Amino acid sequence: MKILVSACLLGLACRYDGKPSFNEDLFSLIKNHELVPVCPEQLGGLTTPRNPNEILNGKVLEKNGKDNSKPYIRGAKETLHIAKLLKCDFAILKERSPSCGSTMIYDGTFTSTKVPGNGITAQLLKENGFIVLSEGNLDAISALLNKK
Ligand code: SF4
């Protein structure tokens, strides 16, 4: 299968703090599947490293209130374009990110408080019919991979 994956999970140092979030279980999928690494925040034109952002009232904000919604939306659109162009079967995205989170995100108070919700990219992919799973949901990932 062809799987769109958050690039940081595959070891690319594209996180806001310039570090990766390497996940060995996901990387091992490369033996039997095509993995397509994407970083929506870099695709949206944000720098690495960059200030952390959280979603509050539908906007993506830095702690100082700077509104970064535009690059986040641009990154989401670019990611969707890649997913469609390469005919990805589904996506595995990094939980809690304001772009990639698919079940939980931070609540916009910069206090490490998590709430149910989607990042901007995960939301757009779902709206366009893509299944988006988080890296923590290995059972669901295995179930999808065993379907074909
Ligand atoms: Fe990883 Fe997604 Fe954040 Fe990029 S935007 S660093 S891929 S979680």
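Only the coordinates and a few stated rules stand behind these numbers; no lab work does. Fair warning: this is a prediction, and the values are worked out from it, not measured in the lab. We place every Cβ from the backbone using ideal geometry, glycine too, and count neighbours over all the protein chains shown.
Structure above, values below:
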{"quantity": "Restricting the range 68-104 to residues that are in contact with a Lys or Arg (Cβ under 7 Å, 6 or more places away or on another chain), hydrophobic (A, V, I, L, M, F, W, C) and away from the ligand (no atom under 11 Å from the Cβ), the residue that is nearest to residue 127 (Cα to Cα)", "calculated": "88"}
{"quantity": "Subset of the range 44-53 that is surrounded by fewer than 21 Cβ atoms within 10 Å (Cβ to Cβ) and not basic (Lys, Arg) - its residue that is nearest to the ligand (Cβ to nearest atom)", "calculated": "48"}
{"quantity": "Near pairs, Cβ below 6 angstrom, 6+ apart or cross-chain, from the range 84-95 (surrounded by fewer than 18 Cβ atoms within 10 Å (Cβ to Cβ)) to any residue that is among the β-branched types (Val, Ile, Thr)", "calculated": "86/36"}
{"quantity": "Any hit, the range 97-117, residues being within 12 Å of the chain's Cα centre (by Cα) and charged (D, E, K, R)", "calculated": "no"}
{"quantity": "Residues (of a type outside the set (A, V, I, L, M) and in a helix (DSSP H, G or I)) located in the range 37-52", "calculated": "40, 41, 42"}
{"quantity": "Residues satisfying the stated conditions in the range 105-136, i.e. within 15 Å of the ligand (Cβ to nearest atom) and free of Cβ contacts under 8 Å to residues at least 24 places away in the same chain", "calculated": "114, 118"}
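Here's the yes/no breakdown for (1) within 16 Å of the ligand (Cβ to nearest atom); (2) buried (at least 20 other Cβ atoms within 10 Å of the Cβ); (3) in a helix (DSSP H, G or I); (4) hydroxyl-bearing (Ser, Thr, Tyr):
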residue	(1), (2), (3), (4)
12	yes, no, no, no
19	yes, no, no, no
28	no, no, yes, yes
35	yes, no, no, no
55	yes, yes, no, no
64	no, no, no, no
